[in-house]
Structure formats: structure tokens, C-alpha cells
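A.B. asks: Dropping a structure here in C-alpha cells format, bear with me for questions.
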Amino acid sequence: MLSLQPPEDAAPVLVLAVGNPSRGDDALGPLAAQRLAALGLPGVDVLTDFQLQVEHALDLLGRRRIVFVDATASGEAPFALAALTAAGDTSHTTHSLSPAAVLFAYRRLTGKEPPPARLLAIRGHAFELGAPLTADAAANLDAALAALVAELQAGAEQGDVQPLPA
Amino acid sequence: MTFELETAPHPEQLRRVAIDPVSRVEGHGKVTLLLDADDRVQQVRLHIVEFRGFEKFIQGRPYWEVPVMVQRLCGICPVSHHLAAAKAIDMIVGSRLTPTAEKVRRLMHYGQILQSHALHFFHLASPDLLFGFDSEVARRNVVALAAEHPELAKKGVLLRKYGQEVIRVTAGKRVHGTGAIPGGVNKSLTAEERACLQADIYHVVGWAREAVDIARRLHESNRPLYDGFGAFRSSMLSIVAPDGSLDLYDGHLRARDADGQILLDRGNCSRYWELIFEEVKPWSYMKFPFLRALGPQAGWYKVGPLARVQNCDRIHTPLADAARREFLDYGGGRPVHAPLAYHWTRMIEMLFAAELIKDLLHDDDLLGTDLVATGERAERGVGVIEAPRGTLIHHYRVDEQDQITRANLIVSTTHNNQAMNEAIRVVARKYLDGRKLTEALLNHIEVAIRAFDPCLSCATHALGRMPLAVELVDADGVTVDRLVKGDAPASC
């Protein structure tokens, strides 16, 4: 357990979604993960957590591609999907890392470049405790998921994953 | 009541410096500093939005949902909320836990302490401690540590991973676990799970010892800095075991004064409100608890590792107790009140948790099948636990339909509210005089905040980050200077 060796059963592609299911549109990440996992894409592992931390760098071991999924409070709607570059982070609390900082932690821990990564940032609008997903966010989620599946299918052409059935 | 520098005599004549982590949603902190005409710090207030909304959120839900629901309060210490709530609900169902249930829960809790303390020390505090407060910010970030101390950073990550594996095995899942249920647990360990954890525990204990040693050597290397930075005297509160030893899962309330004399002992956790009063102040969303017997002026206290390690009489695991005695020797027979000593005591507790895990893994009760016990139903339940950052209280009332009618949570950040204000006041007095806001000023405030690591925005995190801003505002509310850090968007 205590090593930087990748697990033998690590799928080539990791979708790592973050968010709190009980805080309105912050549930976008976990909901995306839930719906994606239900598709059962071969070659794709789906993980979800409240927020990103240093140990998530270990989840990147043995992967060929990474897609981070998160709600965004101020990004473009319905979503933004873009390449991600490793970058350091500064914080006054332990309470979260950015996706770029997770990639940076991977590089520093392993001495290797992290796998190519993309960030799917889905626009949310309301984040109150106990609030349901807003209608706008739900629509954004539909659009974002379609793009994410397309992204994964594009990966299938590179041999990372099996194509979805028609 | 008010404290020195908390409320200036003529605030209208002062300029204001605001240090404001601008949160998107809820749970943010802000430090306001009012300067006089001579640029002396006259007033300091730390504002943190507390999660009062959660108490409303949980009302009306059936009690058996509570231990799972409360995990959504905090993404950093969900296990602590899970267990505190489960202990409270145990009272409602009249349970005295079976040996298997209590030991599985304790194992879960020690895993949480281990992973949380490892994260804090190796990836939050160590950059400050190893590189110095005045070093460039790029070197003091979470991942820069790995660049210059790769083995240290690697051990920190792997310690955290081990703690999370303990949580996964005991709670059933890596996140959103369901292990603790009313009156017990829903699973015990399999022999394979235990063997898997046993395989690495000796490495974990060894690395925890190294961490304690690093913390001790840092303090010994520069006593004036480590002993003096942000230091203030206060009482200390925690739970201890019935025999006075350190216990992070269960016990009674004990408080010592700033000189180490016992103020309160054998306090009944299930009637905490008879001992602790939560004062409301108009300028803060967060309450200010104090010991009723001493009143608001003298009754405030600090919680967390620094309080716990000095509040107990002993530690029942040998390595951690030796480390505790070394820490007490460092204090020369007087309590240590330096905020930076939180880091050292945090590592002593991490070693304690590692040793407890090692011992528990040899206990066959972990594999037992007697998982749940119930008894006479009650309307009220209180669960108190020592979470990584300090004492955590969950208090619920239920009606005849088993629905929650009232909830009250006192989290460690609330207990430490006055203490954090004091630490920032000391730092501000020393470093924040002047008209120009600088990165160094902000750094020192952050170092003081980091020692306590308050929960600021842990219940949600959506992309956008939590920048820390310093604003200099004149008496008319006009911003004359502003400094922001950490608000750059993720690279994408």
C-alpha cells in the first residue's frame, strides 16, 4: 500500500470528479461521476470526492489520461473543457488543492510528468446548503456530459478506451 | 464583554485593514485591523462564517440519517462529524457499544487523526517551518515542499494514504462512509483487511516518529521564534479518559488554566451546556464559548493538539508518551502557549494514533460479529469527540416520530475563536504597523491562522479558489490599499 507503484487494475483513463452533493450546484461533479459511471465505459475509472487533496496525485499513477470534473462558480456556461497544466498552489488552509496543483504534486512526488489532463468546469449558480440542483445547472450538466463522453470517445480512437456502443 | 484591541474607544477615527479570504459561497474568514493616526494597531477582529445553516438543514430528518448526512458538513474531517453524530445517536437509541463496535469506530477515528495531522504537518505547516515565514511564497506552498524535500513530502502523502485506507476499511468507502450507525457499526474487519493494514503499520509508526523529531528539532533550532510567534496565555480544554490519560474518542471534559492548574475535571460531556456558554457578539457570525464558572473574561480557552497533549496526565502508548514528556521538558515545567507548538503536538498525536492503530490491529475484537446494541430510547443525545483540530460537540433532540427537532454543533474552530483572535492580535501588533500592506504582513497573519487551521470553507469548494486579500480602508470606508494572493485561476 505504501508505495508509489501504480495499482495493477488502474484503468488507462481516470475521471476525477469533485463536489459536495448537499450544496446545490456543487453537486455537479458528483452527479457527472454518477452518470458517467452508470455508462460503464471500459478503460475508464471514475472517482469522486468532496475536494482535491495531495493524495489524489496517487490516483493518477498508471494512467494515460486524466479528466477533472468540477463545478465552477464564475466560469463560462454551460461548461469549459480545456487542457490543464501543472502549477503550484498557495493556501492558508488545508482545505483543498486546485487540479493543477494535484498534477504538480504528482510531478514532484514521482519525478515524472503527469499524464495529459483536461479540466471540465461546469457552470453552477447556487451553492446553498440543502439546495437542489438548479435548472440551469442541470442543463449545463447535460451539455457537459455529452462533451465528456465525446472526449472519452476521442480517447478511444487513441486506444485508451473502448468506443461506446452505437 | 470585549477584550483589549477587540473594540477600540473611537473606531471612527481609525483606518481599517481587512484580510479577506473571499469565499464564493459560505464559510469564509476575514481579519480586520483598525489603525490609529500613528499607524498603530488598535483593533483586531477575526471573522469566520460558521455553518449555522447546517443545524437548520438537519432538522426534520430521521435520526438514523444523521451520521451519514453530517459528513457533508466538512470535506476534510467528515469522519469526525460522522463519529460525533453517531455517539450522539447512540444515546438516543440507548446503546452501550459492543467491544467490536467501539474498537472499529476507534480504529476509524485514529485513521482520521493520522491522515488529517499528516496533511497539516507535511503539506501545510512544513513549508512555513522549513523554509521560514519570510521566504518567497512560491517556496512556501503545498507542493514546493516536495521539490526540496522529496522524501519528506512522499512520506506525508503515504501517511495520509494509509489513514484513508483505515477509514475505507472501517467506514466501508473512501468517502461518504456509512460504517458508524445508531448503536454500533455496520461492518467489522475481515482477516484480509486487517492483514493488509498490518503490513504497513510499522512503517507508519516509524515515519510518525521521524515527524515528531523534525518538529522538536525545529523548535530547538530557534526558540525565540517558535516560542514567541503569536504567543498568548490561555486556558486549555479537551476530553481526557477517566484515568486522566489522552483519549481522542471518549472521556470527560477537563480544563486547565494558563499556569497548568486544573480548573475543571470530570465534566459531564452529555451536559456540556452546564459547563460551557456560547456567547454571541454582534460583529461575528461565530459564537465565543467560555467556561461558565469563570465567565467570559477569564473563561475562554484553546482546544486541539496543544491543549490535549498538555491537558492529559499521560499517554498510554510508549513512544507518544516519551514524546509528550520531551515536549513538557521543553516547556520547563510551565505550559507551552506558543501557537507554533501546535505543529509539534500535532505530530505527537499522529504518533499516538499510529501506535493505537498498531495495537488495535492485534485485537481480534475487530473481526467480531456483534455489531449493534440498543437500549432505552431517549429524546436527547450528545456526542463529544476530539477531532483533529479540537473538541467537537454534536447535540440533537428528536421527537416521537424519530425526527430531529433541534441540533447544536460546536466545532473546534468555534472553541478556538477567541484564541485565534488573540494570536492574530499578537502578530498584528508586532508586524502590521504601517501604511503599506506587504506580502510579509500577510504571510505572518497566515502563519498564525495555519497553526489552528480553522475550517473556513470546507463544505463546498467549487472552482474559484479562496484568495486571501488584505485591504486598507480609511475611516470613511474608502479602500486605500489592497493586497490579494491566491486568486489566480487554475491553469487551463
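The values are calculated or read from the model by the stated rules, or taken from the named source; none is laboratory data. Just so you know, these numbers come straight off a predicted model, no measurement behind them. Backbone-built Cβ (ideal geometry, glycine too); neighbour counts: all protein chains shown. To get the accessible areas, we keep the full protein, side chains included, count just its heavy atoms, and leave off ligands, DNA and RNA. Shrake-Rupley method; radii C 1.70, N 1.55, O 1.52, S 1.80 Å.
A.B. asks: Go through the range A:102-118 and give me each residue that's within 7 Å of chain B (Cβ to nearest Cβ) and open to solvent by less than 10 Å² (accessible area, probe 1.4 Å). Give the derivation first.
C.D. replies: Restricting attention to the range A:102-118, the residues satisfying the condition of being within 7 Å of chain B (Cβ to nearest Cβ) are A:104-105, A:108-109.
Answer for the range A:102-118, where residues must be within 7 Å of chain B (Cβ to nearest Cβ) and open to solvent by less than 10 Å² (accessible area, probe 1.4 Å): just A:Ala105.
A.B. asks: Is it true that some residue in the range B:15-31 is buried (at least 20 other Cβ atoms within 10 Å of the Cβ), at pLDDT 65 or above and over 26 Å from A:Ala131 (Cβ atoms)?
C.D. replies: yes
A.B. asks: Another one. Do you know which of the residues in the range B:174-209 that are more than 14 Å from chain A (Cβ to nearest Cβ) and in a helix (DSSP H, G or I) is farthest from B:Tyr249 (Cα to Cα)?
C.D. replies: B:Ala191
A.B. asks: State all residues of the range B:278-301 that are assigned to a strand (DSSP E or B) and touching a Gly at 6+ places or on another chain (Cβ under 8 Å); if no residue qualifies, say none.
C.D. replies: B:Phe290, B:Leu291
A.B. asks: For the range B:227-241, what are the residues that are assigned to a helix (DSSP H, G or I) and either open to solvent by less than 10 Å² (accessible area, probe 1.4 Å) or charged (D, E, K, R) (or both)? I'd like the intermediate steps shown before the answer.
C.D. replies: Step one: list which residues in the range B:227-241 are assigned to a helix (DSSP H, G or I), which gives B:227-228.
The one that is assigned to a helix (DSSP H, G or I) and either open to solvent by less than 10 Å² (accessible area, probe 1.4 Å) or charged (D, E, K, R) (or both): B:Asp227.
A.B. asks: Next up: What is the number of the single condition among (1) part of a helix (DSSP H, G or I); (2) within 13 Å of another protein chain (Cβ to nearest Cβ) that A:Leu4 does not meet?
C.D. replies: The number of the failed condition is (1).
A.B. asks: I need the full set of residues from the range A:7-27 which are in contact (Cβ under 8 Å) with a residue 24 or more places away in the chain and more than 8 Å from chain B (Cβ to nearest Cβ), in order please.
C.D. replies: A:Pro7, A:Ala10, A:Ala11, A:Pro12, A:Val13, A:Leu14, A:Val15, A:Leu16, A:Ala17, A:Gly24, A:Ala27
A.B. asks: For the range B:123-136, does any single residue satisfy the condition of being polar (S, T, N, Q) and at pLDDT below 90?
C.D. replies: yes
A.B. asks: Then there's this: Please go through (1) touching a strand residue (DSSP E or B) at 6+ places or on another chain (Cβ under 6 Å); (2) at pLDDT 70 or above; (3) open to solvent by 10 Å² or more (accessible area, probe 1.4 Å) for B:Leu83 and return the number of the only condition it doesn't satisfy.
C.D. replies: Only one criterion in (1) touching a strand residue (DSSP E or B) at 6+ places or on another chain (Cβ under 6 Å); (2) at pLDDT 70 or above; (3) open to solvent by 10 Å² or more (accessible area, probe 1.4 Å) is unmet by B:Leu83, namely (3).
A.B. asks: Return a yes/no flag: does the range A:33-42 have any residue that is in contact with a helix residue (DSSP H, G or I) (Cβ under 7 Å, 6 or more places away or on another chain) and open to solvent by 10 Å² or more (accessible area, probe 1.4 Å). If you could, list the steps in order and put the result at the bottom.
C.D. replies: First pass over the range A:33-42, keeping only residues in contact with a helix residue (DSSP H, G or I) (Cβ under 7 Å, 6 or more places away or on another chain): A:35-36, A:41.
Checking which are open to solvent by 10 Å² or more (accessible area, probe 1.4 Å) leaves us with A:35, A:41.
For the range A:33-42, residues in contact with a helix residue (DSSP H, G or I) (Cβ under 7 Å, 6 or more places away or on another chain) and open to solvent by 10 Å² or more (accessible area, probe 1.4 Å): present.
A.B. asks: Moving to a separate point now. Among the residues of the range A:62-72, is any within 7 Å of another protein chain (Cβ to nearest Cβ) and over 27 Å from B:Pro388 (Cβ atoms)?
C.D. replies: Taking the range A:62-72 and keeping what is within 7 Å of another protein chain (Cβ to nearest Cβ), we get A:70-72.
In the following step, the residues that additionally are over 27 Å from B:Pro388 (Cβ atoms) were identified as A:72.
Yes.
A.B. asks: On the given criteria, is A:Arg123 within 19 Å of the chain's Cα centre (by Cα) and either at pLDDT 90 or above or among the acidic types (Asp, Glu) (or both)?
C.D. replies: Details: within 19 Å of the chain's Cα centre (by Cα): yes; either at pLDDT 90 or above or among the acidic types (Asp, Glu) (or both): yes.
So A:Arg123 passes the test.
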